[in-house]
1. To test your reading of the geometry: what angle, between 0 and 90 degrees and rounded to tens, separates the Cα axis of helix 15-32 from the longest principal axis of the chain?
2. Would you mind calculating the relative contact order of the chain from Cα pairs under 8 angstrom and at least 6 residues apart, reporting the percent as a whole number?
3. Could you give the Stokes-Einstein D for the chain in µm² per second, using the C-alpha Kirkwood radius, 20 °C, 1.002 mPa s?
4. Measure nothing fancy, just the Cα-based angle from helix 70-82's long axis to the longest principal axis of the chain, in degrees from 0 to 90, nearest 10.
């Protein structure tokens, strides 16, 4: 499994546009990517322009399929236009061998 934690800061006037794009991306990922075990995005409580992405992929192929998905590619340019500065991206190794039951919704 491959874990990714990414943090981005949006431009103040672009935060709500970013939320709309990410909410649609989340729905698309949950519907179409069984190899993406976790795809969640959280808005920081103390700063509404900061977003934290938590992603867990079954393997490298699942991560590549996620990045290459047509809906992901279609929203990427518009999403990055909302971002201020560079993202902080950390690749992580999930601990243990977690079992995921059910499907993402």
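1. Long axis of 15-32 versus the principal axis of the chain: about 20 degrees.
2. 46
3. In µm²/s, the coefficient is 150.
4. It works out to around 30 degrees.
FYI, it's all coordinate maths here, none of it is from the lab. As the structure is a computational prediction, the values presented were derived from the model and not from experiment.
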